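Encoded as structure tokens, the structure appears first; notes follow it.
The values are calculated or read from the model by the stated rules, or taken from the named source; none is laboratory data. If you're wondering where the values come from, they're calculated on a predicted model, not measured in any experiment. Cβ sites come from the backbone with ideal geometry, for glycine too, and all protein chains shown count toward neighbours. When the accessible area is computed, the model is the full protein with side chains, heavy atoms only, and any ligands, DNA or RNA have been set aside. Shrake-Rupley method; radii C 1.70, N 1.55, O 1.52, S 1.80 Å.
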Amino acid sequence: MKNNLKSKGLIICCVLVLCMLSGIEASAQFHPAIPQSFDSDLAPFYFGVASGDPHPGDVVLWTKVVPETGSGAQQVTWQLAADSNFTQVLKSGVAMAKPETAYTVKVLVDGLEPGSYYFYRFRNGGRWSPIGRTKTTPAGDVEELHLAVISCVNYPSGYFNALEDLARRKDIDVVLHLGDYIYEYGGGGNRKKGFSRPHIPPHECVSLEDYRSRYAQYRLDPQLQEAHRLHPFIIIWDDHETANNSYATGAQNHDPRREGSWEKRKAAAVQAWFEWMPIADNPAENIIRKFSFGKLADLWMLDERLTARSPQARGVDDPALTDSTRHMIGEEQRKWLLEGMLNSEARWKLIGNQVIFSPLHDSRVFSRNPTVRMDRWDGYPAERQKMFDFWYAHGLNNIVVLTGDVHTSWAFELTADPLNPQVYDRKTGKGVIGAEFTTPSISSFNFDEVVPRFITWEAKRRFKRKKHNPHLRFLDLNRHGYLTLTLTPETARADWYFAKTILKKTDKVKHCGPIILQIDDNKLFKNRIK
Ligand SMILES: [Fe+2]
């Protein structure tokens with residue numbers, strides 16, 4: 001009897017411990033402050049829905065559930081329909097939300113028609129998720145394509161107003177997110193304007209739980225959530241998804257004495273990223289991939305951080321700067337990109353790129369002495385030159401490099417050496433093989449949030465001096481927003497949309513543009529912005 005009681009007691013204890021562990025496991029998906037922002041109307045889909053990596057016949061659907069009890073895997077049913085009332089359900093199925101992937105769910109739906117809108121939703125615990133809208137990429141002859149390009153979404157710095165404007169647009173085929181989806185810092189805020197929305201967790205992200213919590217906080221933002229709900233995204237990471245100025249084996253903002261092993265931190269950051277992004281999982285946890293938009297455009301999305309990047313050089317006198325064995329993207333990725341471009345029959349060749357690719361001379365802007373931004377392609381000149389050499393040697397043109405990271409808006413004529421008259425002529429367009437357009441930040445600090453406004457105007461004037469940067473055709477250093485790229489067989493057109501403010505919620509934006517890249521004679525910037 002005594003033994004019986006003992007064993008019953010043991011069983012009860014075990015059950016209690018298991019229940020406690022279950023509860024811990026469930027709550028450990030994010031910081032305890034996260035549920036305080038939950039909108040109960042959305043339960044259990046507090047983070048909304050998303051779609052991504054569209055192709056002509058398939059797309060990835062994403063959601064996440066927050067189980068109310070227990071920690072076991074959750075069954076989630078999904079539907080995809082041709083209409084938003086779901087009168088024509090075309091595809092449906094069941095997926096599992098598992099604790100080991102933080103209850104995120106990804107479904108790769110195939111058998112779809114190219115260039116078509118679809119609506120989708122999920123169901124769990126008797127509740128439907130919000131209805132998402134997505135679109136497959138087109139195939140064959142394509143008359144027009146509309147891409148939106150965004151990057152640098154910083155929660156403490158301001159509201160994501162530009163995303164609200166982007167969300168409601170009906171003319172966008174796909175959104176390219178070029179990285180800095182989150183920022184890893186504990187603090188933050190709008191330095192000059194006294195605005196802050198504190199980060200969760202309040203410390204720097206290092207562990208898996210930290211990164212998961214940070215994504216959870218960003219994805220609870222209704223403006224970001226709405227942009228995901230209404231558009232498919234193609235996303236790559238930049239540095240802040242791991243740590244500032246990251247490279248394959250470390251980062252400027254990673255001190256092993258303080259934060260432990262880089263490999264462990266990187267693995268946690270990458271795991272959380274793949275859990276939260278609407279991208280198909282792959283065993284290599286690789287973000288390097290290609291998309292096609294019929295005969296109109298091919299798009300190569302690069303990894304300039306964690307695959308092969310060598311550490312940044314320490315300065316202009318560091319011999320590493322010109323060392324031809326240093327990499328930004330590495331031999332394998334470069335070969336994949338260049339051969340792909342050579343074999344591409346698409347009219348436009350687009351590169352989704354993290355950091356400024358074009359040579360940029362800013363030695364007379366901030367200092368009398370030569371300066372090089374070591375984290376950009378200027379800090380990896382040998383590898384960049386190999387790419388230009390290849391493009392020139394094979395007569396490739398109609399290249400559009402799309403860039404994030406820099407928090408400001410730039411348009412360059414794409415040329416290897418803008419100060420060398422043998423290579424480039426601003427008047428005739430000699431040596432120009434395309435354009436580079438950078439998207440401003442959605443909210444991360446830009447010039448006038450760091451230095452007085454008169455300095456930003458002076459910096460702009462100096463950057464635009466023809467003797468320093470003759471290939472620079474548009475520059476805005478002070479505004480937040482996004483870029484759109486409109487492609488037709490004849491033109492590539494860039495337009496910028498700037499949020500009126502990021503300090504209070506508004507959906508008002510100001511249009512600036514267009515800048516048009518004309519294909520017929522490779523003459524760039526037919527319509528220039530004053
Ligand atoms: Fe950034």
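Each residue in region 361-380 was checked for being of a type outside the set (S, T, N, Q) and surrounded by fewer than 17 Cβ atoms within 10 Å (Cβ to Cβ), and 5 of them qualify.
Taking every residue in region 444-472 that is in contact (Cβ under 8 Å) with a residue 60 or more places away in the chain and pairing it with any residue that is of a type in the set (V, I, T) and open to solvent by less than 10 Å² (accessible area, probe 1.4 Å), at least 6 positions away or on another chain, the pairs with Cβ-Cβ distances below 6 Å are D448/T456; H471/T415. If only residues of region 476-530 that are of a type in the set (F, W, Y) and open to solvent by less than 30 Å² (accessible area, probe 1.4 Å) are counted, the one that is modelled with the lowest pLDDT is F525.
Each row is one residue, and each column tells you yes or no for (1) closer than 28 Å to S40 by Cβ; (2) more than 15 Å from the chain's Cα centre (by Cα).
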| position | (1), (2) |
| --- | --- |
| S213 | yes, yes |
| Q217 | yes, yes |
| L220 | yes, yes |
| Q223 | yes, yes |
| W237 | no, no |
| T249 | no, yes |
| H254 | no, yes |
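Give me the pairs: first residue in region 205-219 and touching a residue at least 24 places away in the same chain (Cβ under 8 Å) and under 13 Å from E259 (Cβ atoms), second residue assigned to a loop (DSSP other than H, G, I, E, B) and open to solvent by less than 20 Å² (accessible area, probe 1.4 Å), beta-carbon distance under 6 Å, and six or more apart or on different chains, which are they? Every condition considered, the pairs that remain are C205/E184; D210/P201; Y211/C205.
From the set of residues in region 160-173 that are crowded, with 24+ Cβ neighbours inside 10 Å and away from the ligand (no atom under 16 Å from the Cβ), which is nearest to L296 (Cα to Cα)? Among those that are crowded, with 24+ Cβ neighbours inside 10 Å and away from the ligand (no atom under 16 Å from the Cβ), it is L166. Can you tell me which residues in region 413-424 are touching a Pro at 6+ places or on another chain (Cβ under 9 Å) and over 14 Å from W391 (Cα atoms)? Passing the criteria: E413, P418, L419, Y424. Checking each residue in region 192-204 for being touching a residue at least 60 places away in the same chain (Cβ under 8 Å) and open to solvent by 40 Å² or more (accessible area, probe 1.4 Å) picks out K192, K193. In region 28-49, the condition of being on the phi > 0 side of the Ramachandran plot and modelled with pLDDT of 95 or more is met by at least one residue. Between P56, P130, the distinction of being under 20 Å from F233 (Cα atoms) and touching a Gly at 6+ places or on another chain (Cβ under 6 Å) belongs to P130 only. Screening Q252, Q217 for residues that are modelled with pLDDT of 95 or more, surrounded by 18 or more Cβ atoms within 10 Å (Cβ to Cβ) and more than 24 Å from I172 (Cα to Cα) leaves exactly one candidate, Q217. Within region 44-70, being touching a helix residue (DSSP H, G or I) at 6+ places or on another chain (Cβ under 8 Å) and more than 15 Å from V105 (Cα to Cα) holds for one residue alone: G70.
You will find that of E285, E263, the residue that is among the acidic types (D, E) and either over 30 Å from V65 (Cβ atoms) or open to solvent by less than 60 Å² (accessible area, probe 1.4 Å) (or both) is E263 and no other. Looking at region 343-356, which of the residues that are touching a Leu at 6+ places or on another chain (Cβ under 8 Å) and not aliphatic (A, V, I, L, M) is surrounded by the fewest Cβ atoms within 10 Å (Cβ to Cβ)? Checked region 343-356; the qualifying residue surrounded by the fewest Cβ atoms within 10 Å (Cβ to Cβ) is R347.
Within region 130-159, the set of residues being open to solvent by 10 Å² or more (accessible area, probe 1.4 Å) and polar (S, T, N, Q) comprises N154 only. Checked against the criterion of being open to solvent by 30 Å² or more (accessible area, probe 1.4 Å) and under 14 Å from I131 (Cα atoms), region 95-103 contains not a single residue that satisfies it. Selection within region 87-104: residues that are in contact (Cβ under 8 Å) with a residue 24 or more places away in the chain and out of contact with any strand residue (DSSP E or B) (no Cβ under 6 Å at 6 or more places or on another chain). The member of this set that is farthest from E209 (Cα to Cα) is K98.
Counting the residues of region 417-465 that are part of a helix (DSSP H, G or I), β-branched (V, I, T) and buried (at least 19 other Cβ atoms within 10 Å of the Cβ) gives 1.
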